[in-house]
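See below for the structure under consideration.
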Amino acid sequence: MIRDPETLNQLIDTLSRYVRDRLVPVEAQVAEEDAIPDAVVEEMREMGLFGLTIPEEYGGLGLTMEEEVLVAMELGKTSPAFRSLIGTNNGIGSAGIVFDGTEEQKQKYLPKYASGELIGSFCLTEPDVGSDSASVKTTAVRDGDDYIINGTKRFITNAPRAGTFTVMARTDSSVKGAKGVSAFIVEAGLDGISLGAKDKKMGQAGSHTCDVIFDNVRVPADSLIGGVEGKGFYTAMKVLDRGRLHISAVSVGVAERLIDDALQFSMDRTQFGQPICEHQLIQAMLADSKAETFAGKSMVMEAARKRDRGEPVSTEAACSKLFCTEMVGRVADRAVQIHGGAGYISEYAVERFYRDVRLFRLYEGTSQIQQIVIARNMVKEKQ
Ligand SMILES: Cc1cc2nc3c(=O)[nH]c(=O)nc-3n(C[C@H](O)[C@H](O)[C@H](O)COP(=O)(O)OP(=O)(O)OC[C@H]3O[C@@H](n4cnc5c(N)ncnc54)[C@H](O)[C@@H]3O)c2cc1C
């Protein structure tokens, strides 16, 4: 749903110019230095990019899903590290409170996420708990007016910058699966919290993950999101449903960027006496990439509109994430191929994007997990 086309167009125009004129020129520097310049972080704050999805009454832009995916597609046209910086505040790092938080929790944290003053991270994954995320081992044991949290969370995006962590922890050790898990909002400065070394990643330099270790961390009972135990896994799944559409849209945006780079290169590069874009085998790669990107975009838009109508989109979100993230992998591979040897050299952005997009198939549910979600829903609907 687009609430006011004029306002949205202005936002997208501004963002599009910012991506083209400010972010694309510093992509290589960010990759080289593994850091986003402070000035860029500040500009992104000023543009309101940390609060795209935070409701307006808490200082954000309150974008609908359709509006959000259009914005995410624009952001996809530059290094995913920039998107990742604002990604947790607009998604997994804040959505638990937006969806299920108490009014006090919303008032306390959402305005700070929206302004970018506070970075929120999402702590679900653990060393022994990945795809089987309902089997969370981190514990939160009630002690008077507090809970005591113990456990290690792994690969946590933006943890080195985080001011708060949304932590999924088991409050009822007698219940093994999802029902024993609760979600907490935990402030980063508390005693007993420590961070592991930054992970050395395949791609997305400039975006950082690390372990977050909770060693007898005492949090007040009102840190329990929504104030009710046993709802944390369901909160996490709602958060991820929305996140899947966002990642799908980013994948579409990156695919569009890669097509643009590959098309330009194919028009500039001459072999056998003509620009390589005149060779039909190159044209096939360009055309397949265009068609698949269009298909992905159509899926995301349809699913986003359905979500805005208040209809369930678990299947559509999983279908979109599965297709779009796999699709951008194929598009990146073709973009490298079209560049020939140059595609393997880091001077060309396609080399970097090829590595960057690999992550999209892994986090917020691997491709196999999307397949399982889709098939399970199919069976359930048929029964
Ligand atoms: C850069 C990065 C950032 C991340 N950010 C965050 C974050 O901010 N917060 C957070 O909580 N987590 C984060 N993660 C973790 C991420 O969500 C997990 O890595 C992902 O869910 C997969 O879990 P796993 O790595 O334990 O793999 P595993 O679950 O061990 O899976 C290994 C392989 O087995 C497959 N597999 C597993 N179960 C099945 C099954 N039932 N059927 C078929 N195949 C199966 C998987 O698809 C995969 O191919 C991040 C990861 C990375 C790499």
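At a Förster radius of 25 Å, what calculated FRET efficiency corresponds to the Cβ-Cβ distance of residue 383 and residue 234, to the nearest 0.05?
After rounding to 0.05, the efficiency reads 0.75.
Given the pairs 106/231; 112/179; 137/321; 137/380, which span a C-alpha to C-alpha distance of over 20 angstrom in this model?
Over 20 Å apart, Cα to Cα: 112/179; 137/321; 137/380.
Tell me the angle of helix 5-18 to the major Cα principal axis of the chain, expressed in degrees between 0 and 90 and rounded to the nearest ten.
Compared with the principal axis, the helix lies near 70 degrees.
Where the eigenvalues come from the Cα gyration tensor of region 46-166, what are the semi-axes √(5λ) of the equivalent ellipsoid, largest first, in whole Å?
Numbers: eigenvalues 139, 69, 29 Å².
Whole-Å semi-axes of the equivalent ellipsoid: 26, 19, 12.
Under 8 Å for C-alpha pairs, at least 6 residues apart: give me the relative contact order for the chain, rounded to a whole percent.
This gives 16 percent for the chain.
Hey, how many Å between the Cα centroid of region 220-276 and the Cα centroid of region 74-143?
What the calculation gives is 16 Å, centre to centre.
Any chance you could give the angle, 0 to 90 degrees and rounded to 10, that helix 80-90 forms with the longest Cα principal axis of the chain?
30 degrees
Just need the Rg to Rh number for the chain, please, alpha carbons only, Kirkwood Rh.
0.98
Using alpha-carbon pairs under 8 Å, 6+ residues apart, how would you state the relative contact order of region 112-239 in percent?
For region 112-239, the relative contact order is 29 percent.
Sorting 277, 324 by accessible area (1.4 Å probe), largest first, what list results?
277, 324
Given 25 °C and 0.890 mPa s, how large is the Stokes-Einstein diffusion coefficient of region 44-87 in µm²/s, with Rh as the Kirkwood radius over Cα pairs?
Numbers: Rh = 10.7 Å.
Estimated diffusion coefficient is 230 µm²/s.
Leaving ligands, DNA and RNA out of it, work out the accessible area of residue 38 with a 1.4 Å probe and give it in Å² to the nearest 10.
Residue 38 has an accessible surface of roughly 130 Å² with all protein chains in place.
Explain nothing, just the number: relative contact order of region 243-372, from Cα pairs under 8 Å at least 6 residues apart, as a whole percent.
33 percent
Mind grabbing the base-10 log of I(q)/I(0) for region 340-383 at q = 0.34 Å⁻¹? Debye formula, identical points on the C-alpha positions, no solvent, two decimal places.
-1.04
Sorted from largest down, what three extents in whole angstroms do the Cα atoms of region 233-372 have along their principal axes?
On the principal axes, region 233-372 reaches 59, 26, 21 Å in Cα extent.
Ranked by accessible surface with a 1.4 Å probe, highest first, in what order do 167, 373 come?
Sorted by accessible area, descending: 373, 167.
The values are calculated or read from the model by the stated rules, or taken from the named source; none is laboratory data. From a predicted model like this one, the values you see are computed outputs, not experimental measurements. Quick reminder, even Gly has a Cβ in these numbers, built from the backbone with ideal geometry, and neighbours come from all protein chains shown. Heads up: the accessible areas ignore ligands, DNA and RNA and are worked out on the full protein's heavy atoms, side chains in. Shrake-Rupley method; radii C 1.70, N 1.55, O 1.52, S 1.80 Å.
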